[in-house]
1. Quick one: which residues, 5+ away or cross-chain, put their amide H under 5 Å from the amide H of residue 287? H built at 1.01 Å from N.
2. Enumerate the calculated ³J(HN,Hα) couplings along the range 285-292 in order (Karplus 6.51 cos²θ - 1.76 cosθ + 1.60, θ = phi - 60°), each rounded to whole Hz, writing x wherever the residue is Gly or Pro.
3. Could you pull out the pairs from 369/561; 286/369; 379/518; 369/420 whose alpha carbons sit more than 20 Å apart here?
4. Of the options 399, 418, 363, report the single residue whose Cα projects farthest towards the positive end of the charge dipole of the range 352-422 (beta-carbon charges: Lys, Arg +1; Asp, Glu -1).
5. Accessible area of the range 336-421 with a 1.4 Å probe: how many percent of it is carbon plus sulfur?
6. Which length gain, in nm to one decimal place, applies between residue 174 and residue 250 when the Cα-Cα distance is subtracted from 0.36 nm times their residue separation?
7. Please give the Cα centre distance for the range 301-337 versus the range 367-408, rounded to the nearest Å.
8. Under the Karplus relation 6.51 cos²θ - 1.76 cosθ + 1.60, θ = phi - 60°, what is the ordered set of whole-Hz ³J(HN,Hα) values for the range 228-243, x standing for Gly and Pro?
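The values are calculated or read from the model by the stated rules, or taken from the named source; none is laboratory data. Computed from a predicted model, the values in this text were never measured in an experiment. Cβ atoms come from the backbone with ideal geometry, glycine included; neighbour counts cover every protein chain shown. Side chains are part of the model used for accessible areas, which takes the heavy atoms of the whole protein and leaves out ligands, DNA and RNA. Shrake-Rupley method; radii C 1.70, N 1.55, O 1.52, S 1.80 Å.
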Amino acid sequence: MSNRQTLLSKLLVSLAVAIVLVVSAAGLLYLFIDIDAYRNDVETQIEALTGRAVKISGDIDLTLSLNPSLSVEDVTFGNASWGSEPQMLHIGRLTGQVALLPLLTGNIEVHRLVFIDTTLLLETDTQGHGNWSLGSPKDTPAASSAKLPIIEQLSIRNLRLAWRSHKDTNATFYRLGRMKVSGIGTQQPIQIEASAGDNDTSPIPLWSLRLKVDGTDTGFRVSDIALTTDKSDINGELSLSVDENGQRLTGTLSSSRLRPNDIVRMIAESLSPNHVSQDKGTNANKVFSNSPFELNLPPDLAIDLTYEAQRLGDASLVLEDLSTRITAEQGVVGIVANQARLDDAEISTALSIDLGRTKPAATLTLTGKALQLGELSRKISDRKWVDSRGDLDIRLTGSGHSLAEMMANASGSARLLVGKGKADLRDVDTMIGGITVLTSLLRGEGNQIELNCVAGSFEIENGIATSRVMLADTQNATIYGSGTVNLGSERLDLILKPKPKQTSLNVAVPVEIGGTLKQPVFTPEKMATAKKGAGVLAAIGLISFPPAILLGFGELGSEDKNPCLTIAAQTNDEENTAPKSKGNRRSTIERATHNVGEAIDDLGSAVKGLFK
């Protein structure tokens, strides 16, 4: 076999040959000599075959027939000389049954091989060599001429698998209830079936796996993959080819329903409790996780997979008709979802992460057309605070070892355009902490307000998101906004500036938004806000939006002209067409000063109302 044989094949060859040697020797001596007296000879023969020390500490039981069987208990198999532990493998009980007649022609046929209560340690050294690479320092004619066995059925019950790379301080342990492998060494594909628990009381969540493994000229193919959990499934096929340029993994996978939490729970609960890694980067007061990325791919591994899912997501958020492609080449991982639906809205996304850099670099593009914002907010926060549709476009680049670090130096843009709809002020009030001064301005009849539109555009540079357009229009007021969001500290520094459409609605008090993304703070201060409110209202007449930013909203593909874009354009027109001549018209400063005076007068009653 080649140097790239799988660990499973190597171990099975060694164990099967060892069992045959034991059974053959024991069969000749069974009637005359105590087989237990040859325990040391058996251990020596196995060590000669594998290059590893073997110890049989438990009982040895032999049953003779045309298909003799051998059972041994408490078997240990030595680790590589550089290993972190002296033993690579411990088997509580091992049973093997072989066909006697094929031995006469030098063929080894194992009817069944059963491992019970097994612990297997897999690890790599600093050069990337695995401890599963078996050598034969004590080469013998028997070791060099032994033929590969046929194993009709391999069964594993209660496996505890430990994994440790040379970078890890401690090993991570996984558990497997049952696994059955058939067809090893035959011309037919190897078939594998696995399930979570060995009995109904297993703490591991229910799951099962079936697949076939078949050799190819350059590697192997895994077909008829069927992984199922209680409410999820993954089906398809994978192929791995190996040549002088490296390894290439290709395939097609699909799901009728996939709930990521099912898969995460299956993996997490298969870990031994005292070896489950803790998310040290989680912060209850932060939105972006500081947990380091743990995606390490071999540098010579290339990946090209397609994945389709009819339904992907958990109860709160489900994507439908997802079609995506996953690639990896020279350390650059790409995920492109060309098609997906959220409710009945179309979304697409592309994510690229370069793991080959000192700091992983990521590029993200996300677009959504006619998103049902009410349903989306209800699924995320259990509150349907707005009933409208909107278009979203996000483009970001950043680098770092965690999401938080990437956001701290991110650059790009984010745009949102919302059409006509309604908002429930009770939900808005609850969401933002009870801004009754602002909502009294917006309120129509009852708690519902007619929302004409919302437009928002942020330019992001080195982790600072600066507003270029913040505009909302209702039946009673137009609300302008400006400010920044620090994506590194997640601090908010924004201000909302309401402009009433009727002179009788003069409670136009600006609202400052501070705090953090996770815990925003809204402060319509009575005195301070009233003092600067006049200046803010006067300054509204001076607001203008960059024309290029307004043109950029066209890329969102709205079918109808959004009213907020019209308002923004009119605001620019008013500013651009205002006379600047000193002789015939007041200057901009004079106009602002005059407006301040008028606004102070208009706000008189509003200020008194604040202190009632």
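1. Amide H neighbours of residue 287: 518.
2. Those phi angles translate into 9, 10, 8, 8, 6, 9, 5, x Hz.
3. Distance filter (> 20 Å) returns 286/369.
4. Of 399, 418, 363, it is 418.
5. So the carbon and sulfur contribution to the accessible surface is 56 percent.
6. 24.7 nm
7. 19 Å
8. 10, 10, 4, 9, 9, 8, 9, 10, x, 8, 9, 9, 10, 10, 10, 9
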